[in-house]
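Report on the structure given below.
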Amino acid sequence: MSAPDDGCHVNLVFVLGAFALLIVFLDAIGRWQRTVESVEGERIIAEVRLAEDRGTNQAIAQHPIIDVQKCIGCASCVKACPEAGVLGIVDGVARVIHGSRCIGHARCEEVCPVQAIVVGLGDISSRSDLPLLDAAFETSVPGIRIAGELGGMALIRIAVDQGTRAMKAFAKELRAEPRHSTDTFDVLIVGAGPAGFAATLQAKEEGLRVATIDRQDLGGTIRKYPRRKLTLTGTLTLPLHGKIDREEFLKEELIDLFEQIAKRHQLKLTTGLELLSLKGEKDGFIAKTSKGSIRARRILLALGRRGIPRRLGVPGEATEKVLYQLIDASSIEEERILVVGGGDSAVEAALALAEQRGNVVTLSYRREAFVRLKARNEQKFDEAVAHGKIRVLLPSTVKSIDSDSVTLELSERGVTQQVVIGNDMVYILAGGEPPYALLKQAGISFGGTGNPDATSEEIPVAMGG
Ligand SMILES: Cc1cc2nc3c(=O)[nH]c(=O)nc-3n(C[C@H](O)[C@H](O)[C@H](O)COP(=O)(O)OP(=O)(O)OC[C@H]3O[C@@H](n4cnc5c(N)ncnc54)[C@H](O)[C@@H]3O)c2cc1C
């Protein structure tokens, strides 16, 4: 007659056993979690050091700005960022790791549950490569505004938005002021890239009398992308046209769309006309162009930052075999090609050319290592070099270009020597000379030392294809 007691005893032993097992299990999970966290912590710290060594921690253009007081360390920003390694969690809060890889998608800003992150330029007062602008894009010269990439933010969507807003600000001012002269435009818009195009549409909507000039053609930098490049625009809203219902285009499709919209709204764009200098002041600017002068009450500079391609200044550079952009690699075969440059444009060109039949591709870069490449490009490039598809000369500088060879100075293990390689074509993809001289001539102030030539970098951009 011991059943009830025995039953209780068995139950108690079972409960205690299960409890002990639960504790062991929870302890094991805790240990595993701590191991994972410490491995992840070490990985992040190594990544922070790498970014500091390479200088990729320094953002060039727009970048995430984190309010650490608000951040709850949930890592949703880290997961949402489409670019590799821009953000990480350090000591329980989000931190910018490879700031220079940010290209302004702003997904982090969208997903943060506590609004602890925004994407912008931050305090640009120390940036000697960026013109100082107020919240309505006005420069230090009253009456001159800047929109688009020239202001430091490199995205089509942002250029369109800034062009639109800058023109709205001009319209508001001009409505309150009487027009005196008939030979003077309300606004001269310089540049017909996304910023200047949007500004021209907005000006038409506002009923302003404007002139839009471009030394090249409608579409700006987009026209110079490689053939059939996938272009990620995000949501674009163009004045007079409204919201565009797609977020991805081939480059040719986007240019085509811009051209159709320009035609539908009968925009007057004067292409092939370059702004050379600006003088005068608010209400009485005189713009000297490559074909005469234009008078305007206000000026919108939407020049982009790419300016004129950077030249090497070496003997033989002014020959037909030297090119400064690669639009279409598919037609280039059986050539010995030298690509000069160390940014994403140069690396992508080298990769595209190396894919073509019979090409022998060499890449020359003046530094010892690539410092600002997108992770995806770096990986593809390393693989191509490891498989012998591309020869890389680091650090090296081009000394002269001849009809069938190029002479370079190459440093290896402290020894500098001259190297001559057989060559049919040279692509110099070493960035552009931003139009700082024009801005300085117009009296526009920059941040930092005020000497913009000291820092000009290739702004990172969305690649997509
Ligand atoms: C290879 C590459 C891929 C990119 N991919 C993407 C992408 O997928 N998505 C994205 O959002 N962004 C991308 N970008 C960035 C985007 O193209 C730029 O941020 C955008 O074009 C900037 O627009 P903007 O109007 O400010 O300047 P720009 O497009 O550079 O236009 C400036 C215009 O000003 C004209 N101009 C300059 N100086 C003068 C002068 N003195 N007189 C007259 N005219 C002048 C130029 O001829 C040009 O037409 C990419 C950029 C590159 C280089």
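Scanning the stretch 226-250 for residues that are of a type in the set (D, E, K, R) and within 9 Å of the ligand (Cβ to nearest atom), we see that the one that is modelled with the lowest pLDDT is K229.
Quick one: would you say L301 is modelled with pLDDT of 95 or more, under 27 Å from the mean Cα position of the chain (by Cα) and within 30 Å of S181 (Cα to Cα)? Reasoning before the result, please.
Numbers: modelled with pLDDT of 95 or more: yes; under 27 Å from the mean Cα position of the chain (by Cα): yes; within 30 Å of S181 (Cα to Cα): yes.
The answer is yes for L301.
Selection of the stretch 304-358 for residues being free of Cβ contacts under 8 Å to residues at least 24 places away in the same chain and among the polar types (S, T, N, Q) yields only S331.
Could you list, in sequence order, the residues of the stretch 213-257 that are basic (K, R) and either under 20 Å from the mean Cα position of the chain (by Cα) or assigned to a loop (DSSP other than H, G, I, E, B) (or both)?
Applying the first criterion (basic (K, R)) to the stretch 213-257 yields 215, 223-224, 227-229, 243, 246, 251.
Once the filter is applied, which keeps residues that are basic (K, R) and either under 20 Å from the mean Cα position of the chain (by Cα) or assigned to a loop (DSSP other than H, G, I, E, B) (or both), the stretch 213-257 yields R215, R223, K224, R227, R228, K229, R246, K251.
Filter the stretch 126-182 down to the residues that are of a type in the set (D, E) and within 14 Å of the ligand (Cβ to nearest atom) and list them by number. Answer for the stretch 126-182, where residues must be of a type in the set (D, E) and within 14 Å of the ligand (Cβ to nearest atom): E149, D161.
For the stretch 286-309, the set of residues classified as within 11 Å of the ligand (Cβ to nearest atom), surrounded by 18 or more Cβ atoms within 10 Å (Cβ to Cβ) and of a type in the set (G, A, S) consists of A287, A302, G304, listed by residue number.
Residues checked against (1) touching a residue at least 24 places away in the same chain (Cβ under 8 Å); (2) at positive phi; (3) of a type outside the set (A, V, I, L, M):
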| position | (1), (2), (3) |
| --- | --- |
| E368 | yes, no, yes |
| K374 | yes, no, yes |
| F381 | yes, no, yes |
| V385 | no, no, no |
| I390 | yes, no, no |
| D402 | yes, no, yes |
| L408 | yes, no, no |
| Q418 | no, no, yes |
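The conditions of being at negative phi, within 13 Å of the ligand (Cβ to nearest atom) and assigned to a helix (DSSP H, G or I) are not met by E205.
Do we find that G272 is closer than 23 Å to F137 by Cα and at pLDDT 95 or above in this structure? Give the derivation first.
Numbers: closer than 23 Å to F137 by Cα: no; at pLDDT 95 or above: yes.
When the stated conditions are applied, G272 does not pass them.
Can you find a residue that is acidic (D, E), in the same structural domain as L50 (by TED's automatic domain parsing) and in contact with a Cys (Cβ under 9 Å, 6 or more places away or on another chain) anywhere in the stretch 84-107? Let's see the steps before the verdict.
Residues of the stretch 84-107 acidic (D, E): 91.
Of the ones still in play, those that are also in the same structural domain as L50 (by TED's automatic domain parsing) are 91.
Filter again for in contact with a Cys (Cβ under 9 Å, 6 or more places away or on another chain), leaving none.
For the stretch 84-107, residues acidic (D, E), in the same structural domain as L50 (by TED's automatic domain parsing) and in contact with a Cys (Cβ under 9 Å, 6 or more places away or on another chain): absent.
With respect to the conditions (1) within 12 Å of the ligand (Cβ to nearest atom); (2) crowded, with 23+ Cβ neighbours inside 10 Å, R223 falls short on a single one, namely (2).
The values are calculated or read from the model by the stated rules, or taken from the named source; none is laboratory data. These figures come from a predicted structure and were not determined experimentally. No Cβ is skipped: glycine too gets one built from the backbone with ideal geometry, and neighbour counts run over all protein chains shown.
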